[in-house]
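Single-structure report; data block below.
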Amino acid sequence: MLNKEIKETLNKIVGDLYQGVKIPDFVVEWPQDKGFGDYASNVAMVLAGKLNRDPMEIAEKIKDKISEVCEDGEDENLFSEITIAKPGFINFRISDKQFRQNLCKILKKKNEFGSSEIGKDKTVVIDYSAPNIAKPMHIGHLRSTIIGQSLYNIYKFLGYKVIGDNHLGDWGTQFGKLIYAYKNWGDKKIINKNPIEEMTKLYIRFHKETEKNKELEEFARKETKKLQDKDGENIKIWKFLVRESLKDFKKIYKTLNIKFDYVLGESFYDEMLAKIVKEGLDRKIASKSEGAIIISLDEYNLPPFLIKKTDGAYLYTTTDLAAIKYRKEKFKPRKILYVVANEQALHLQQLFYSADLFGLSKNIEMKHIKFGMVLGKTGKKFSTRKGETIRLDDLINKSIKLSQKIVEEKNPKLTKKEKKEIAKVVGISAIKYNDLSQNRMTDIVFNWDKMLSFEGNSAPYLQYTYARIKSLRRKYDELYRLDRLNVFDKPDFSLLKEGAEKNIMRQLIKFPEVIESSAQENSPHLIALYIYELASLYNNFYNSVPILKSEKNIAKARIYLSKSVAVVIKNGLDLLGIDVLERM
Ligand code: ARG
């Protein structure tokens, strides 16, 4: 990775020049204005601050020293030019040779280009999706699912051992209510036909009826208790609900291509709860408070963490604490990432501090990967006309249907089967990309026109760019099929001299760095943004430079440049969980 190489070089040189001085943190980054170079560093400025000297003077010194270290002749070196800019930036221009070598590297490594080993021997647990049993999976869980899977892919690509865990909401007081409603109002025949839909209705009915009759709450509590005590009938109903819900969830996971290594729902931790609460009391981490048991978080300025209710029931909180203990022992992770909506920020803060008190977080970085809400086009909460939350399967089907119409318009010549397949990929990708192309902290908006547009920052635009390169390649092969010389000669990348070509090469070399920063910030949108920029640069080249019509050796170099772009678009989209299409 170039940014790292440059940083290492600078560290070494500064170390030589200013022996005994502790080198302050500095950056090597891409300057806003490309006119300055490919990379820029503020090392001279931070050093000047520390030594109380003129940054320009220090920059000059560093520059001279680098030129000493690296011999002249741009083709042999990393840099072709180093310049100084006020108030003390050092700017680096990367040599053409580096860019050319990078093209070879892309073509050689193909789907592994951009991967690395930095995560070797480190484990990351990612907690994502986590829908609740006996409720349809809705749009609120969509973001967690999509972002979580993408982070999974990214960490894996960087060599980490990744554990994807679906912390299903399959335990808790809602089951008492569901079981009560099932026993008293449920018609087994109707329920069996459409279990989750019917159970959702019963759940809503339960809440309506409790408004009139408070006693129901008490009945439900008893059912919950019976379930927790492993009463045969209640366990049976609960198992039925879990099984039916999972069937529905799995359909959605299959469509979206989501995978987990473990599905350890809340119920899995039930056995551990009493013990962890007792341990908390014994070690004076937890205390009794008005009949309940809490972990006081006063010292962190947070409200207490309730881990056992007055009625003896354990909670979501207790389970999450037990889950940390389990994950720590079983997986020995470096990191645990919770891909959970913003709204649960307090819960997770309390959880992490409580885990600290238990001594569970030593050497583990626990992070809440927050994300914003999903809004409709009008900027209001995304819901059906009746104000209900939108179901995920409906949403996916709608996207596929809309795509089908667009594919029909764009490419009527395709066969029916092709159109259908393309529409499915485009429809699903549009939903994923709409999410992943935006900073996860912002609320996302469902604007179908924008999501399915073939122009602008959308999935179809990127897929179209990819398919365009594939089609170009087919035409090229056709054209030179009989030209044996052309088949066996290596492309000569030194023929790529146009500005539009250089811009692409400059972008391509950054891909590995982008992946690393997206993991550092747990932000897949950095990759999305990068691919979008790459596609735009490519289309700019495609529209302004002749490819097939140019002289045959130049054509060849341009085709292989295009191929490198296709490789990188595909690798980037793979990390986002988005498929490419050979034609569209
Ligand atoms: N099931 C929860 C919900 O729907 C999300 C669980 C998130 N993960 C966790 N370990 N708390 O709100």
Quiz item: Using the heavy atoms of the protein chains alone and a 1.4 angstrom probe, what is the accessible area of the chain per residue in square angstrom?
Solution: 50 Å²
Exercise. With a cut-off of at most 12 other beta carbons within 10 Å, and DSSP calling the residue loop, which GluC sites (Glu not before Pro) in region 392-473 qualify? Please list them.
Key: Glu455
Practice problem: Run a plain Debye calculation on region 1-50 (Cα atoms as equal point scatterers, no solvent) and give log10 I(q)/I(0) at q = 0.15 Å⁻¹, rounded to two decimals, same order as the q list. | Solution: -0.41
Exercise. Quickly work out the Lys497-to-Ile118 label distance, labels modelled 7 Å from Cα along the C-beta direction, and quote it in nm with one decimal.
Key: 3.7 nm
Quiz item: Restricting attention to the alpha-carbon atoms of region 4-115, what are Rg (one decimal) and Dmax (integer), both in Å?
Solution: 15.2, 48
Quiz item: Which net charge results when you count Lys and Arg as +1 and Asp and Glu as -1 among the other residues whose beta-carbon is under 12 Å from that of Lys222?
Solution: -2
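Per the 1.4 Å probe, what fraction of the accessible area of region 482-549, in percent, lies on carbon and sulfur atoms?
Working: 1660 of 3150 Å².
Here carbon and sulfur together make up 53 percent of the probe-accessible area.
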Quiz prompt | Residues of region 401-430 with amide N under 16 Å of a point placed 7 Å along Cα→Cβ from Asn257 | solution = 421-430
Practice problem: With all distinct Cα pairs included, what does the Kirkwood hydrodynamic radius of region 153-233 come out to in Å, to one decimal, could you say? | Solution: 14.8 Å
Self-check item: For region 320-426, diffusion coefficient by Stokes-Einstein and Kirkwood Rh (Cα), 4 °C, 1.567 mPa s, µm²/s
Solution: 73 µm²/s
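Relative contact order of the chain: what whole-number percent is it, with Cα pairs under 8 angstrom and at least 6 residues apart?
Once normalised by length, the contact order is 14 percent.
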Quiz item: What's the angle, to the nearest 10 degrees (0 to 90), between helix 139-157's Cα axis and the longest principal axis of the chain?
Solution: 50 degrees
Quiz item: Tilt of helix 459-479 relative to the longest C-alpha principal axis of the chain, in degrees (0 to 90, nearest 10)?
Solution: 40 degrees
Exercise. State log₁₀ I(q)/I(0) for region 522-584 at q = 0.19 Å⁻¹ as given by the Debye formula over alpha-carbon point scatterers of equal weight, solvent excluded.
Key: -0.78
Quiz item: So what's the net charge close to His167: Lys and Arg +1, Asp and Glu -1, counting the other residues with Cβ under 11 Å from its Cβ?
Solution: -4
Exercise. Find the percent of Cα-Cα distances in region 231-333 that exceed 16 Å, and round it to a whole number.
Key: 68 percent
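Percent antiparallel among DSSP beta bridges with both residues in the chain, to the nearest 5?
On the way: 22 of 40 bridges.
Of the beta bridges lying entirely in the chain, close to 55 percent run antiparallel.
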Quiz item: Where the accessible area of region 118-192 is counted over protein heavy atoms with a 1.4 Å probe, how much of it, in %, is carbon and sulfur?
Solution: 49 percent
Quiz item: Based on the alpha carbon coordinates of region 478-535, what radius of gyration and maximum Cα-Cα distance (Dmax) apply, in Å?
Solution: 16.8, 50
Self-check item: region 320-371 - Debye-derived log10 I(q)/I(0), Cα point model, q = 0.20, 0.26, 0.32 Å⁻¹
Solution: -0.64, -1.04, -1.37
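Rounded to two decimals, what ratio of Rg to Rh does the chain give with C-alpha atoms and a Kirkwood Rh?
Numbers: Rg = 28.7 Å, Rh = 27.5 Å.
A ratio of 1.04.
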Quiz item: Taking the Cα centre of each part, how many Å lie between region 108-129 and region 154-181?
Solution: 22 Å
Quiz prompt | FRET E, pair Glu233, Tyr203, Förster distance 25 Å, beta-carbon r, rounded to 0.05 | solution = 0.85
Self-check item: Relative contact order %, region 140-271, counting alpha carbon pairs below 8 Å whose residues are six or more apart
Solution: 43 percent
Exercise. Give the relative contact order (percent, whole number) for region 270-406; include only Cα pairs under 8 Å separated by 6+ residues.
Key: 17 percent
Quiz item: Spin-label point model (7 Å from Cα, Cβ direction): what's the Glu551 to Glu343 distance in nm?
Solution: 6.5 nm
Quiz item: What net charge is computed for the residues neighbouring Glu501, neighbours being all others with C-beta under 14 Å from the C-beta of Glu501, Lys and Arg scored +1, Asp and Glu -1?
Solution: +4
Quiz item: Under the Kirkwood approximation for Rh and a Cα-based Rg, what ratio Rg/Rh is obtained for region 46-180?
Solution: 1.27
Quiz item: Can you pull the Rg over Rh of region 474-584, Cα-only, Kirkwood?
Solution: 1.02
Quiz prompt | region 344-362 and region 542-581: distance between their alpha carbon centers, rounded to Å | solution = 47 Å
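The values are calculated or read from the model by the stated rules, or taken from the named source; none is laboratory data. Computed from a predicted model, the values in this text were never measured in an experiment. As a convention, Cβ positions derive from the backbone with ideal geometry for all residues, glycine included, and neighbour counts pool all protein chains shown. Heavy atoms of the whole protein, side chains included, go into the accessibility calculation; ligands, DNA and RNA do not. Shrake-Rupley method; radii C 1.70, N 1.55, O 1.52, S 1.80 Å.
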